[in-house]
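This report refers to the structure that appears directly beneath it.
The values are calculated or read from the model by the stated rules, or taken from the named source; none is laboratory data. Model, not experiment: these values are computed from the prediction. A quick note on method: Cβ atoms are made from the backbone with ideal geometry, for glycine too, and the neighbour counts reach across all protein chains shown.
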Amino acid sequence: MLKLGVNIDHVATLREARYRGRAAGEPDPAEAARICERAGAHGITVHLREDRRHIQDRDVWKIREIVTTRMNLEMANTPEIVDIALRLRPHIVCIVPERRTEVTTEGGLDVAGNEAALAETRKRMNDAGVEVSLFVAPDLAQIEASARVGAQFVELHTGAFAEQFSEGGGADAELERLTVAARAAHGLGLRVNAGHGLNYQNLPALLRVPHLVELNIGHSIVSRSVLTGLEAAVKEMLALMQPYRGGV
Ligand code: PXP
């Protein structure tokens, strides 16, 4: 069965828009994690970015404590974040490239250009009992390098597929690249995840790609939940207002 990891970063994005710098606020990503698990998600994904734009340190510790499925920490390969991950010990880390100016993770990791540093982090994580995934473009050189680094997983970047799909025409070229990459990764003994830009429209097309273990999906699920939850939220507020009798 194809598994779903829900990326709840954008629950924290909404909280930070109102409560940045405060010790608490709504919506609480940990509460969101509980709801995702109750709904059947197979894992919870959070990205502790160096600039802490959404998920905060306190969130990762709380989520680590309450997650009953599998916590996937997305992270840059930097000393500060590696140190946090080694103390936190999520079930798995997904190493991603990070640029402060990007809105979201834009490209795949250059594994081939950073093999030694990634191999060292991979070993430190594995020694601590944490599995390692590398977020890569569907590119054979990066996949071969990921195998040499000794990662357990690659997460194939589906951003280009999502872009091509949204332009119309079915995204056959990107689906072919993902298929070739997934076969190569599987052949090298890597397990294959995928994510970025997946949504309710393009997901059915992606199911053509072989060997997928888990999809990590964030923005579209959190976006959809705002709209599907709005009716109940408005009704609940109206019910609270209903007893008002004009203060007399
Ligand atoms: N996988 C990785 C490695 C990511 O960096 C992201 C975005 O944080 C996702 C999956 C989820 O992407 P989206 O929010 O577009 O579903």
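Remarks
- Residue check for L88: buried (at least 17 other Cβ atoms within 10 Å of the Cβ) and within 16 Å of the ligand (Cβ to nearest atom): no
- The residue of the range 122-155 that is farthest from L175 (Cα to Cα), among those that are in a helix (DSSP H, G or I) and hydrophobic (A, V, I, L, M, F, W, C), is M125.
- Put simply, of R208, R177, R148 the only residue that is within 18 Å of M1 (Cα to Cα), of a type in the set (K, R) and more than 15 Å from the ligand (Cβ to nearest atom) is R208.
- Test for G195: is it among the small types (G, A, S) and in contact with a Phe, Trp or Tyr (Cβ under 9 Å, 6 or more places away or on another chain): yes
- Lone qualifier among R191, R177, R208 - being over 30 Å from D127 (Cα atoms), basic (K, R), modelled with pLDDT of 95 or more and surrounded by 16 or more Cβ atoms within 10 Å (Cβ to Cβ): R177
- Hits in the range 7-31 - residues which are surrounded by 12 or more Cβ atoms within 10 Å (Cβ to Cβ) and hydrophobic (A, V, I, L, M, F, W, C): I8, V11, A12, L14, A30
- If the condition is being in contact with a Phe, Trp or Tyr (Cβ under 9 Å, 6 or more places away or on another chain) and small (G, A, S), then the range 209-248 contributes only S220.
- Summed over the range 39-63, residues that are more than 13 Å from the ligand (Cβ to nearest atom), of a type in the set (D, E, K, R) and touching a residue at least 40 places away in the same chain (Cβ under 8 Å) total 3.
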